[in-house]
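Some notes on the structure that comes next.
The values are calculated or read from the model by the stated rules, or taken from the named source; none is laboratory data. Since we're looking at a predicted model, the values are computed, not measured. Here the Cβ is made from the backbone with ideal geometry for all residues, glycine too, and neighbour counts use every protein chain on show. Ligands, DNA and RNA are stripped out before the accessible areas are found, and what is left, the full protein with its side chains, is counted by its heavy atoms. Shrake-Rupley method; radii C 1.70, N 1.55, O 1.52, S 1.80 Å.
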Amino acid sequence: MTATASSSPKLRVDTRGTNELPPHLDENLLTPRFYVTEFKKAAKTELTDAREEFEAMLSEMKADYNCTHFDRKASLDRLQELPQKAKETYESYLVRSVISEFSGFLLFKEISNRLKKEGNRDLGKLFQFLARDEARHAGFLSRALVAEGIEVDLPHLGGKRAATWFPISWVIYSVYLSEKIGYWRYILMDRHLKANPDQAFAPLFDFFEPWCQDENRHGDCFTVMMRCWPGITKGFRGKLLSRFFLWSVFLTHTLTVCERGEFYELLGIDPREFDEEVIKRTNHTSKNAFPWVFNLDDNKFWDLRNKIIESFRAFVGAKGLTKPVKFVKFATLIFKQFALPMEKTNALRYDKNVNFTGQDILNFWTDK
């Protein structure tokens with residue numbers, strides 16, 4: 001695919017100021033979530049047994065293999081005109097993506113600064129590289145938005161929402177899944193568009209392959225972190241954390257892709273098939289890090305997934321007294337999915353001597 005040559009992005013002239021979205025975009029999108037965690041505890045990550053793997057990961061991040069792939073001079077203008085509805089769908093995708101990447105940048109940058117302050121410069125350096133990649137992704141998406149005539153002043157968004165505190169275990173589990181599911185989304189879209197180049201209407205899609213490799217490496221970094229904290233993967237805590245984060249991320253992905261699937265349909269991708277493939281791949285990949293994953297070999301998970309989609313649609317469309325009834329049905333279905341059987345993995349742990357005790361249950365929410 002050949003990008004349309006352009007010396008500079010063409011801005012649409014309008015009366016909106018920076019950070020003001022067009023009417024078809026929800027203003028709440030411009031509120032990136034900023035998370036904080038137990039920085040002192042994170043700084044105590046024991047890397048002795050993981051030193052060889054950690055150094056290999058640090059060297060790979062330092063090499064910055066994608067440094068030249070994200071060409072700042074490359075045109076990101078669309079190659080073709082889109083109908084108004086398709087144009088709005090594309091712009092909505094760009095805004096959601098840029099805010100997600102910028103939120104990751106804020107988190108990684110803060111963790112890096114705090115780790116260095118606490119004396120763990122090695123781990124701080126790793127998070128500095130993670131922040132570098134997220135900033136690069138956000139900047140690239142921002143340029144794609146400028147090509148659409150939308151300017152988002154990212155540096156001034158960080159203070160729009162109060163920081164949310166997460167235990168270190170929650171950060172490790174959730175960010176690992178966020179990066180790995182992001183990898184599978186990008187690589188599967190890239191493969192589809194390479195097989196169907198006529199559906200790749202923007203040069204931005206040319207960068208999905210190097211993009212997804214960044215996501216994959218980021219997930220691997222958190223795999224090392226998880227192996228260095230075997231206490232968060234043992235017994236009751238490990239099983240509950242695995243179940244909760246896999247379920248919540250998969251449920252969110254299903255509702256996002258299947259209920260707001262216009263973007264994928266725009267690329268000629270069936271949303272339900274895409275959702276199923278991404279979940280399958282992510283669940284399988286998680287066996288390398290999580291102590292438990294869902295058993296997706298039978299059809300129970302997918303049967304419930306389909307019922308959840310229909311129930312959610314019914315709930316959203318309901319009015320009056322039927323709405324709470326529809327919500328109860330929806331809530332019952334997602335709880336059934338949450339409670340589905342899981343299978344134990346053989347993910348590597350560096351400390352085999354950490355034993356689970358009943359005190360872990362009491363410490364779960366505070367992660368002590």
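The radius of gyration of the Cα set in segment 77-184, together with its Dmax, comes out at 16.2, 54 angstrom. Of the trypsin sites (Lys or Arg not before Pro) found in segment 151-245, the ones in coil according to DSSP and having at most 15 other Cβ atoms within 10 Å of their Cβ are Lys160, Arg161. Normalised by residue number, the volume inside the convex hull of the Cα atoms of segment 131-223 is 109 Å³ per residue.
Summary of the geometry: segment 237-316 and segment 45-91, compared by the centres of their Cα atoms, lie 24 Å apart.
Using a 1.4 Å probe on the protein chains only, how many percent of the accessible area of segment 194-352 belongs to carbon and sulfur? Using a 1.4 Å probe with all protein chains present, segment 194-352 comes out at 56 percent carbon and sulfur. Full extension of the segment from Asn196 to Leu79, taken as 0.36 nm per residue of separation minus the current Cα-Cα distance, would add 40.6 nm.
For segment 129-149 and segment 156-216, what is the separation of their Cα centres, given in Å? If we compute the Cα centre of each part, the gap is 12 Å. Taken along the Cα-to-beta-carbon direction at a fixed 7 Å, the label points for Lys323 and Lys117 span 4.4 nm. Taking every Cα-Cα distance in segment 274-319 and sorting them into 5 Å bins starting at zero, the pair-distance distribution P(r) comes out as 5, 19, 22, 20, 14, 10, 7, 3, 1 percent. Of all lysines in the structure, those lying under 27 Å Cα to Cα from Lys307, and not within fewer than 8 positions of it along the same chain, are Lys180, Lys239, Lys280, Lys287, Lys319, Lys323, Lys326, Lys329, Lys336, Lys344. Assign one of three labels to segment 167-322, namely rounded, prolate or oblate, based on the Cα gyration tensor with a ≥ b ≥ c the square roots of its eigenvalues; rounded applies when a/c is under 1.5, prolate when it is not and a/b is larger than b/c, and oblate otherwise. It is oblate, given that a/c is not under 1.5 and a/b is not larger than b/c. The modelled label-to-label distance for the pair His69/Phe236, using points 7 Å beyond Cα in the direction of Cβ, is 4.3 nm.
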